[in-house]
Every structure is written in C-alpha cells, then in structure tokens.
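Worksheet: one structure, shown below.
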Amino acid sequence: MRRQPYACPEPSRRGSEIQQCSKPRFLNLGVIVKPHGVRGELSVSIFLHDMPQMEEISLVYLGPEAQPRELQSARFHQGNLLLKVVGCDDRSTADAMRGMEVWIESADKEPLGRDEYYVHDLVGLNVVDEHGDHLGVLVEVIFTGANDVYRVDCDQGEILLPAIKDVVREVHTAAGEMRVRLLPGMR
C-alpha cells in the first residue's frame, strides 16, 4: 500500500512522522551509520525497499536542513549503501556525519504503482469509518516486519490500524481522506 519510508527533510517529531514541506518533496533514502574506510565514504543504512538507480542521482541532501551535496559515487557493501560526497575526503569528516539522514528528490524515484503511496501523502489524511464518521487524523506510519501500522490521533486518544486490505478500504490522497473498516477490538 505504500513505499517506505518517505518523508520531507524538515525536523520530524519521531521516526517516520512527517511534517508538511514545500516542493520539491524528498524521500528518505536512509541514515548514515558510520564512516567506511579512510577516504570519506559514508555507510548508509537503507530505508527504501525499491532503490532508485543511484548512477542517475547527482545530488543527495543531508541532515534535517537537507543540505545539498554532490554525489561522487554510490555502491552497495554488506547490505548498506556506501556514498562518496564532494567535500567529505577523510574518515573524521565522514564520522562527523554519523546519524544524519540522507534524502533524495522524489523525482529521482520511479512512479508509484496501483495502491502505493508515499508516506508524506498519507500523513495528515482524515480517517473515516465505513459510515463516513470521522475517526481522526493519520499522524504516523509505523514500519513493522509484517505490515505497516497507521497511528491515528482521535479525540479519545489514538487508534492503531494495520495497513491491510481488510482494514484500509479506500485512500483518496487528493481528497485528503482514508476510509477504513474497524475490526473488533480496534477502538
């Protein structure tokens, strides 16, 4: 139902929560976990299931301010993505970037398929039940092993909805609405 985890490079409140951001939209590629070697390569733990063609990307954006950095090279190594950016030429410079999120422009990603959504398009949707009654607002997508979970803030607290077809019936991002069917015990 979505591509994971996409966000805007503005200060987020928690993990996958997304705040509104201005165009262009950005996708969270991953987070820098450590330097690799002594020449300034950055080891990035990848968040995306469907990686873009890295040879087609010339800029990446680092940190909460999304500072643009020219991408010199990208390669995979032991499950992580190794990036080399202009201006990062030694291990200590790379180590100072540890923990920074890495972003790419959403235009660098392939178009979405049917029933796939960017997280930044889901967060903020009004969630209604099958009868049209307003339940709350989707504020976070939680990524789990089995399926994603949508956290909906409502007047009575929160509702956690599994992102499965039995629960999520319709998504209308243009209308700003998600229609769901609550299973027993969800409320």
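For the condition touching a residue at least 24 places away in the same chain (Cβ under 8 Å), farther than 30 Å from Ile57 by Cα and not hydroxyl-bearing (Ser, Thr, Tyr), Leu183 does not qualify.
Selection within the range 30-61: residues that are more than 12 Å from Asn80 (Cα to Cα) and of a type in the set (S, T, N, Q). The member of this set that is modelled with the highest pLDDT is Ser58. Counting the residues of the range 157-187 that are charged (D, E, K, R), at pLDDT 90 or above and farther than 18 Å from His120 by Cα gives 5.
Do you know which of the residues in the range 79-88 that are out of contact with any helix residue (DSSP H, G or I) (no Cβ under 6 Å at 6 or more places or on another chain) and part of a loop (DSSP other than H, G, I, E, B) is modelled with the lowest pLDDT? Let's see the steps before the verdict.
If we filter the range 79-88 for residues that are out of contact with any helix residue (DSSP H, G or I) (no Cβ under 6 Å at 6 or more places or on another chain), which is where we start, we get 79-87.
Okay, now just the ones that are also part of a loop (DSSP other than H, G, I, E, B), so 79, 86-87.
Values: Gly79: 87, Val86: 96, Gly87: 95.
Step by step, filter the range 79-88, then rank; the result is Gly79.
If you check Asp155, Asp129, Asp121, Asp148 for being acidic (Asp, Glu) and either touching a His at 6+ places or on another chain (Cβ under 7 Å) or exposed (fewer than 11 other Cβ atoms within 10 Å of the Cβ) (or both), only one passes: Asp155.
Per the conditions (1) at pLDDT 95 or above; (2) under 23 Å from the mean Cα position of the chain (by Cα), the sole criterion not satisfied by Arg91 is (2). With respect to Val168, is the statement that it is surrounded by 14 or more Cβ atoms within 10 Å (Cβ to Cβ) and closer than 17 Å to Phe47 by Cα true? Judged against the criteria, Val168 is not a match.
The values are calculated or read from the model by the stated rules, or taken from the named source; none is laboratory data. Just so it is clear, the structure is predicted and the values come from calculations on it, not from any experiment. Using ideal geometry, Cβ is built from the backbone for each residue, glycine included, and neighbour counts are taken over all protein chains shown.
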